[in-house]
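K.L.:
Dropping a structure here in structure tokens format, bear with me for questions.
Taken together, the values in this text are just the output of simple stated rules run on the coordinates, not laboratory data. Please read these numbers as outputs of a predicted model, since none were measured by experiment. Every residue, glycine among them, receives a Cβ derived from its backbone with ideal geometry; neighbour counts consider all protein chains shown.
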Amino acid sequence: MKLITLPPAFGMRNVSPFCLKVEMALAALKLEHEIEWEKDPRKTPKGKLPVLHDGSRVIADSELILQHLDDVTNGGLYGHLTAEQNAIGTSATRLAEEHLYWFIVASRWLDDDWWPNVVSGFFGFVPSLFRGLAANGARKEVAKTLHLQGLGRHNTDEQLGFARRDLQALQDLVGDKAFLFGDEPCIHDFSVASLLAGAIDNKPVTWMTSMVSEYPALIEYTERVQSAVGVWGRELG
Ligand SMILES: N[C@@H](CCC(=O)N[C@@H](CS)C(=O)NCC(=O)O)C(=O)O
């Protein structure tokens, strides 16, 4: 199998939570794979990463990839969990990936002070003459997407409130457990922890990094999941 991911950026070996989640799943299932970097997601079937090549099959989208991995391992990802655990896990994943994720995006793309990091980290491959143009065009698209999604219509204080409630919900869900369900991390832990890893470890820190630092139990949980599966989002020094 070959997993196509974004190249390293911002001190992250794997800067995309969706790509990191799949990497964790492949490692947990002990499926041999190689990783290839694609700098320009527009070149992929759905204009986003990750993409998995499994023989002649090309699967775009992390959730579809996970479904495929579950199928080829006879339920290796979801099969050992109860219906209720999968329901709670899917809900937490949606919270992380479809809501909290957008604050990570906003904290990188829409913060004027942080913006130069995005230009060098994501657009370094564009010839310098066109780099500013390409980056600013993409930034406008991100702002438009956040507006359509809805979160972009709120002021900063309101956005901080939404993000805090997401983080509190995840921290309360983990509670004093090692992982969401039992003594071993499962696919839903990979989804939540890979998302948090991007907020915790990107360098330099964003306003999201500062906010997550108010939730030390979540930081410990994220570290525990990465350590248990042996796959970290950040560059290991
Ligand atoms: N629902 C998709 C989301 C993937 C996604 O948003 N990937 C980002 C990187 S973290 C991407 O490729 N963005 C490029 C773009 O939106 O142009 C999945 O689960 O695979």
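K.L.:
Can you tell which of Asn136, His147, Val174 lies farthest toward the positive end of the dipole of the chain, using +1 and -1 charges on the Cβ of basic and acidic side chains (Lys, Arg; Asp, Glu)?
P.N.:
Going by the Cα projections, it comes out as Asn136.
K.L.:
Do you know the relative contact order of region 1-66, to the nearest whole percent, from alpha carbon pairs under 8 angstrom that are 6+ apart?
P.N.:
Relative contact order for region 1-66 comes out at 40 percent.
K.L.:
I need the phi-derived Karplus couplings for region 56-65: 6.51 cos²θ - 1.76 cosθ + 1.60, θ = phi - 60°, integer Hz, Gly and Pro marked x.
P.N.:
Running phi through 6.51 cos²θ - 1.76 cosθ + 1.60 with θ = phi - 60° gives 8, 7, 10, 10, 10, 3, 4, 5, 5, 5 Hz.
K.L.:
Still on this model: Beta carbons within 10 angstrom, averaged per residue: use that to sort the peptides 74-86, 57-69, highest first. Display every interim value, and only then the final one.
P.N.:
On the way: 74-86: 13.4, 57-69: 17.6.
Answer by packing, highest mean first, reads 57-69, 74-86.
K.L.:
Using 0.36 nm times the number of residues separating Ala138 and Lys30, minus their current alpha carbon distance, what extension gain do you get?
P.N.:
Gain in length upon complete extension: 35.2 nm.
K.L.:
Can I ask one more? Ranking request for peptides 206-218, 33-45, 157-169: highest mean number of other beta-carbon atoms within 10 Å first, then the rest in descending order. Numbers along the way, then the final one.
P.N.:
Working: 206-218: 17.5, 33-45: 13.3, 157-169: 15.3.
Highest mean packing first, the order is 206-218, 157-169, 33-45.
K.L.:
In nm, what is the difference between 0.36 nm times the number of residues separating Trp37 and Phe125 and their Cα-Cα distance?
P.N.:
Computed gain between Trp37 and Phe125 is 30.4 nm.
K.L.:
Could you calculate the FRET efficiency of Phe162 with Ser56 from 1/(1 + (r/R0)^6), where r is the beta carbon distance between them and R0 is 45 Å, rounded to 0.05?
P.N.:
E between Phe162 and Ser56, to the nearest 0.05, is 0.60.
K.L.:
Which lysines have a Cα less than 21 Å from the Cα of Lys2, not counting those fewer than 8 places away in the same chain?
P.N.:
Lys21, Lys30, Lys39, Lys43, Lys46, Lys48
K.L.:
What residue among Leu100, Ala9, Phe125 has its Cα farthest toward the positive end of the dipole of region 2-229, where the charges are +1 on Lys, Arg and -1 on Asp, Glu, each on the Cβ?
P.N.:
The residue sitting most towards the positive pole is Phe125.
K.L.:
Students often check this: by mean Cβ neighbours within 10 Å, which of 112-124, 11-23 ranks highest, and how do the rest follow? Mind dumping the intermediate values first?
P.N.:
On the way: 112-124: 15.3, 11-23: 24.5.
My ranking of the peptides, most packed first, is 11-23, 112-124.
K.L.:
Based on the alpha-carbon set only, what is the convex hull volume of the chain divided per residue, in Å³?
P.N.:
In the chain, the Cα hull volume divided by residue count equals 128 Å³.
K.L.:
Taking the Cα centre of the chain as origin, sum charge times position over the Cβ atoms of Lys and Arg (+1) and Asp and Glu (-1), and report the length of that vector in debye to the nearest 20.
P.N.:
Details: 23 positive and 31 negative charges, 184 e Å.
Result for the chain is approximately 880 debye, rounded to the nearest 20.
K.L.:
Amide H neighbours of Ala9 under 5 Å, at least 5 residues apart or on other chains, H built in the peptide plane: list them.
P.N.:
Amide H to amide H, under 5 Å and 5 or more residues apart or across chains, Ala9 pairs with Val15.
K.L.:
Counting alpha carbon pairs within less than 8 Å and at least 6 residues apart, what relative contact order, in whole percent, applies to the chain?
P.N.:
Taking the mean separation of contacting Cα pairs over the length of the chain, I get 27 percent.
K.L.:
Right, something else. I'd like the distance between the alpha-carbon centres of region 1-61 and region 205-237, rounded to an integer number of Å.
P.N.:
Centre-to-centre (Cα) distance: 20 Å.
K.L.:
Rounded to the nearest 5, what is the percent of antiparallel bridges among the DSSP beta bridges in region 2-229?
P.N.:
The antiparallel proportion sits near 70 percent.
K.L.:
Multiply the residue gap between Arg153 and Val72 by 0.36 nm, knock off their C-alpha separation, and tell me the result in nm, one decimal place.
P.N.:
24.9 nm
K.L.:
Considering the options Gln85, Ile35, Ile219, tell which one lies farthest towards the positive end of the dipole of the chain, charges being +1 on Lys and Arg and -1 on Asp and Glu at the Cβ, about the Cα centre.
P.N.:
Farthest towards the positive end: Ile35.
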